[in-house]
Structures are given as C-alpha cells and as structure tokens.
1. Filter segment 308-319 down to the residues that are free of Cβ contacts under 8 Å to residues at least 40 places away in the same chain and over 18 Å from the mean Cα position of the chain (by Cα) and list them by number.
2. Please find, among R274, R305, R284, the residue that is of a type in the set (K, R), outside the structural domain of W190 (by TED's automatic domain parsing) and farther than 20 Å from R43 by Cβ.
3. Restricting to segment 298-327, give me the number of residues that are within 20 Å of S13 (Cβ to Cβ), of a type in the set (V, I, T) and touching a Leu at 6+ places or on another chain (Cβ under 7 Å).
4. Identify all residues within segment 140-169 that are touching a residue at least 40 places away in the same chain (Cβ under 8 Å), assigned to a loop (DSSP other than H, G, I, E, B) and over 15 Å from the mean Cα position of the chain (by Cα); write none if there are none.
5. Restricting to segment 43-67, count the residues that are closer than 22 Å to I331 by Cα and free of Cβ contacts under 8 Å to residues at least 60 places away in the same chain.
6. What about M127, is it in a strand (DSSP E or B) and either touching a helix residue (DSSP H, G or I) at 6+ places or on another chain (Cβ under 7 Å) or among the hydrophobic types (A, V, I, L, M, F, W, C) (or both)?
7. Can you give me the number of residues within segment 1-42 that are touching a Phe, Trp or Tyr at 6+ places or on another chain (Cβ under 9 Å) and basic (K, R)?
8. All but one of (1) assigned to a loop (DSSP other than H, G, I, E, B); (2) under 19 Å from Q4 (Cβ atoms); (3) of a type outside the set (A, V, I, L, M); (4) touching a Cys at 6+ places or on another chain (Cβ under 7 Å) hold for E52; state the number of the condition that does not hold.
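The values are calculated or read from the model by the stated rules, or taken from the named source; none is laboratory data. Please read these numbers as outputs of a predicted model, since none were measured by experiment. FYI the Cβ positions are ideal-geometry reconstructions off the backbone, even for glycines, and counts take in every protein chain you see.
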Amino acid sequence: MRAQLLSRVGTISSSPLRYGDVPDPVPEPGELLLTLSACGVCRTDLQLCEGELPAHLLPVIPGHQFVGRVSKLGDGVVGWSIGDRAGVGWLAGTCGTCDLCRRGLENLCEQARFTGWDRDGGYATEMTVRSDFALPLPPEMDDLDVAPLLCGGVIGYRALKVSGIEPGGRLGLYGFGASALLAIQVALHWGCEVFVVTRSAQEQARALDMGAVWAGRYDEAPPVRLQAAITFAPVGSVVVAALTALERGGVVAVNAIHLDEVPTFPYEKLWWERQIRSVANFTRTDARQFLDLAAELPIRTVVDRYPLADANGALADVKSGAVCGAAVLEI
C-alpha cells in the first residue's frame, strides 16, 4: 500500500514525511482492515512531526481522523460487515478494566493507545483498527466532510462538556481554527451567546457571520464576563487571558494536547472558584453523541482538499494558518 511515513522528526519545511510503498497491513483478531478514502490533517500531527509531541513509535504513519470501508474482518469480529463505512479517531484502544474505564472515563485510561501515535494512522491507503473502537458514521455526510469531525469535532464537543457551559450561557472561544468552527455550531444550537477571541481579522469576521455576538483580538477583553471559555490556541498566555475574562465560578477548558507554558499570574484571577481544566482525548460515548448531533443539526464543514502525496504541504499550511477550514487528505 501507499503511505506517508514519519521516520525522523523535523521541521515541516524539511518535509519529514516520506511518501512511498509500505507493507500491507493485516488485521489481527478483533480488528478491521479499512480501505481509506479521506483523512483529516490535525495540528497534533504537525506537533508529532516536528517533535513538540514526543514520538511513541518510529517509524509511524500519522493521522487520526479518517474514513474508510471495511475490506477484511479479523477473527472474532462481530457487528461489522465487508463494505461497511467506518470512522477512526484519536482513541485507538483502552484496557477496558481499570477503574477509570469502568467509571466511563476511558479517555484517561493509563493503558490507552492513540491512533497515529501508538499505532499507525490514516495517512495511507489502508489501515487496521480495533473493531470496538471503529465508529459508525452518519450516512448523510460525505467522507471528506465527516473526516474532520472525528478529531476536532469530537474533542471540541468534549471541551464544551468539560467547560460546563449550559444552554443560553455566555461562552468564550479563544482561537478560531477547525475545531472551534465546529464547536461554535453546537454552542449556538444550545442557544449560547458566543464571544470569539482570535488574532485574525478574517477569523473574527467569520465568527460574526456564523453567529458570534462579539469577536475581538487577544489583547481585547470580551464586553461581558464569561460563564465558560475554551482555549484552542496552544499558548499558555491565552489560558490566562480566558481566565481573566471569567465570572465567578467559571471554567476554562484547555483544548490542547501540548501547551508551551502557562505564565505566572496572580491568585486573584483564579479565586472565587474559577477553574482551569484540561481536555484530554475523548470517549467513544462523546464520539457517538457528537456524530448523532452533527447529523441532526447538521454540522457544516469547510474543507481544504489535498492529495495524500502532499501531506507535508497540508501540514505546512496548517502551521502557517493558510487553511480556511479543515485540511483533509483525499485518498
């Protein structure tokens, strides 16, 4: 099969991914073999390629939001048939038996494995996945449109839950990239007032067009106190800015797997039971809930298409901010 392989980390300008032939994957017991059609390109992939996110496995095929059709079943698979459409997200597997898994917090399982990090991902023409972690997809959505939902969409949905925002509440979104473009649609569906903070004038205008009541720069404070905020930018100073904008009892949900550093700040910004909470991965329940909601609304996606052979170029555009919505590899 053909794939993009990361053997050594390096700046994306050095094209660290190498495109070529690799051995065909074979499904183990309990796994599906998928023939892939689309794979979303995520900033986490960029952080892995450039070494900001320490590699767990090298060489590795990145990619953790992909869509394909079942082409082969491993021994013991139930609930799936040849030809079924399936999606795969960041969470590749958990132990299923620890206290966290039993409590419905499988996203925090210490034995969890992740797609494109601990096992090969979707920058390829074929890939295997544990059948119990493959996701049925809404038939109404095209492969290219549903692929970005499998990471940015689902993790944005979990961030909304972690933030504790209630229907009709005042929500801040700090950063307005691919994940925030999806999260705002859910928040508006819940009747929230959404305030967007982003450095890009173009993104500010887009946020207002989508229904935000206010949009401004990072050096501007929202005109009202926020009941909750989600930070998407992997910058610690943005977390402090969001915290400063909260009313008493509010929560900042940090939607980032890697953050540069949180600068020191006066305790008074955190006092009055304000909270900072990280958002770590997502559960399969989160994914199923969000995909059902995405079909119901329906969620609108903006896709910038790239061929599989140009994965380095797609990641470079993600880094530079040249992507208008979500970058997706067509396979």
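1. Within segment 308-319, D310, G313 meet the criteria.
2. Every option except R284 fails the conditions.
3. 1
4. Within segment 140-169, E140, M141, G164, I165, E166, G169 qualify.
5. 1
6. The answer is yes for M127.
7. Looking only at that region, the number is 1.
8. Only one criterion is unmet by E52, namely (4).
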